[in-house]
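Some notes on the structure that comes next.
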């Protein structure tokens, strides 16, 4: 599976420093001007804050999941289903 | 639509459910000052404008056809005389420079609190002026913190690309690092006697002899756990909150070699656990708090779930009160009868509420940008309204949806008003007074056509939250990406200089994490 972090609120340099500081091993994409964010969530997903938002895109390219609260159990259940894990 | 419900439990609490605020000078955007000084949703200028209609008490229980629904007063105003709120924030202090908080503990002997997170470990004390930060150690990302004596703490770290997971033992006063133990993906810890038990998020628990804290010696390693987060040790048994396996019970009959004796999977994975008076309470995220009987301490049995809202990530207990940090706020739950837990009160926090610890004084809550002390008065009973959704969707052809208003509190909940900011919305309810433990159904009928975008307001006598607003939307709005729709393609540069395109990943599940470093 593929994991991408996407940041739009921070400066590019801050994001790069963050990757270094946290030792992130997955890509951190820079969404300048929140263009992608605005397409994915133009305010229709009930949320108190834009961050964090976890989206899962299924193997068929369709949106399978969105959540703005950290819920690892649900997240993993959706990913397991996509990966065909029992 | 499970996802919707999941999103909504917590957002119900966070949506701008502003009550009239006579003391403040400005109303929030979308609200106007009414004649009585309160803030009202635009179009509802005061309490007197919409004379509440008397409820039609003509029905008994509603049937599915809706012929016996009641009509609540059509308003959205805070109730003048609310029941007393048993839950109070006693102190609050803002915290700067934090990006994350994971754990908090209380040192009874020194009356200090410790908060672990990113990028520091902080120590707090209650002083005359409130909560004061007494120490701050900039350690980078820390996970859990455990007491190893009055002046010793252990801090766990998950590890990163440059350095593996580990536990570091500190003397707090001089902040001297005494020892480091390498533990892969280190998570929760517990010191019992001369032994420190350290969970590894990779599915293990390691036992260290720390009779000399400066030179810990590993004496045992046990695999077979899933993704354990935290552990509580009581009377020879360890109870592990495991995010994939649920509640895992360890026997400590030989303290140098804990062994798994049972695994209890109830509603789902657990992220934190506390044991109190023969029961274990597990933080089960948006599923609530799962309660286990320890009548047989080697084989916990799930006896129920209490859902105070939000996503429960941390639990603590003292004096028959179970406290939860649920990311959006704090809840106090009376567990004097674990078979009938009662939500005493809930309160939103100013920032993400991530960890809670309890003492006789109440609960100490650590959020991203604050620490707070909460106290609850058990002699005060109040209703607690939990609306099950923060948004109702009306796809084309749908004319009716139902909201559920649960009274999780200890006193009768009364529904004081129901209104919508749109014409062509009809609102009815099956009961205007809701006994503790009961729920009212609110029927929302959309008699119009075309796109729908507005709000339903539910006014109750819940002292924590008298006004709750629920979005009403047409779900098939093509400007939003919703579940089941093709994901919009995009290409972005990573900060590593690579170029990434979503559509190239077709055939692989993709987890997109929108985040910010703050």
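Readers should treat all values here as calculations from the given coordinates under stated rules, not as data from a laboratory. Quick caveat: nothing in here was measured; it's all calculated off a predicted structure. Note that we place each Cβ from the backbone using ideal geometry, even for glycine, and neighbour counts take in every protein chain shown.
With the Cα gyration tensor of the stretch B:352-470 in hand, convert its eigenvalues to equivalent ellipsoid semi-axes via √(5λ) and list them largest first in whole Å.
Details: eigenvalues 224, 68, 21 Å².
Three semi-axes, in Å: 33, 18, 10.
How shielded is B:496-507 by partner chains, expressed as the average number of their Cβ atoms within 10 Å of its Cβ atoms?
Working: counts 6, 1, 2, 1, 5, 0, 6, 2, 1, 6, 5, 4.
Per residue, the number of nearby Cβ atoms from other chains is 3 on average.
If a/c stays under 1.5 just call it rounded; otherwise compare a/b with b/c (prolate if a/b is bigger, oblate if not). Do that for the stretch B:302-349, with a ≥ b ≥ c from the square roots of the Cα gyration tensor eigenvalues.
In terms of gyration-tensor shape, prolate.
Assuming R0 = 41 Å, what is the FRET efficiency of residue B:180 and residue B:336, from their Cβ-Cβ distance, to the nearest 0.05? Display every interim value, and only then the final one.
On the way: r = 43 Å, r/R0 = 1.05.
In this case the efficiency is close to 0.45.
Given labels modelled 7 Å from the Cα in the Cβ direction, how far is it in nm from residue A:3 to residue B:92?
Between residue A:3 and residue B:92, the simple spin-label model gives 3.4 nm.
Take the alpha carbon gyration tensor of the stretch A:1-40, find the square roots of its eigenvalues, order them as a ≥ b ≥ c, and report rounded if a/c is under 1.5; if not, report prolate when a/b exceeds b/c, else oblate. The partial results should precede the final answer.
Numbers: a/c = 3.63, a/b = 1.29, b/c = 2.82.
Judged from the Cα gyration tensor, the stretch A:1-40 comes out oblate (a/c at least 1.5, b/c at or above a/b).
In terms of the Cα gyration tensor, with a ≥ b ≥ c the square roots of its eigenvalues, is the stretch B:148-223 rounded because a/c is under 1.5, prolate because a/b exceeds b/c, or oblate?
Numbers: a/c = 2.00, a/b = 1.24, b/c = 1.61.
Note, shape of the stretch B:148-223 comes out oblate.
Please order B:102, B:219, A:78 by the number of other Cβ within 10 Å, starting at the fewest. Present the calculation step by step, with values, prior to reporting the outcome.
Details: B:102 24, B:219 14, A:78 21.
Exposure proxy ranking, most exposed first: B:219, A:78, B:102.
Hey, can you rank B:444-452, B:356-364, A:23-31 by average C-beta count inside 10 Å, highest first? Show your work: numbers first, answer last.
On the way: B:444-452: 14.0, B:356-364: 21.3, A:23-31: 17.1.
The packing order, highest mean first, is B:356-364, A:23-31, B:444-452.
Direction-averaged shadow area of the convex hull around the Cα atoms of the stretch B:276-366, nm²? Don't jump to the answer; show the numbers that get you there.
Details: hull surface 21.0 nm².
Seen from a random direction, the Cα hull of the stretch B:276-366 projects 5.2 nm² on average.
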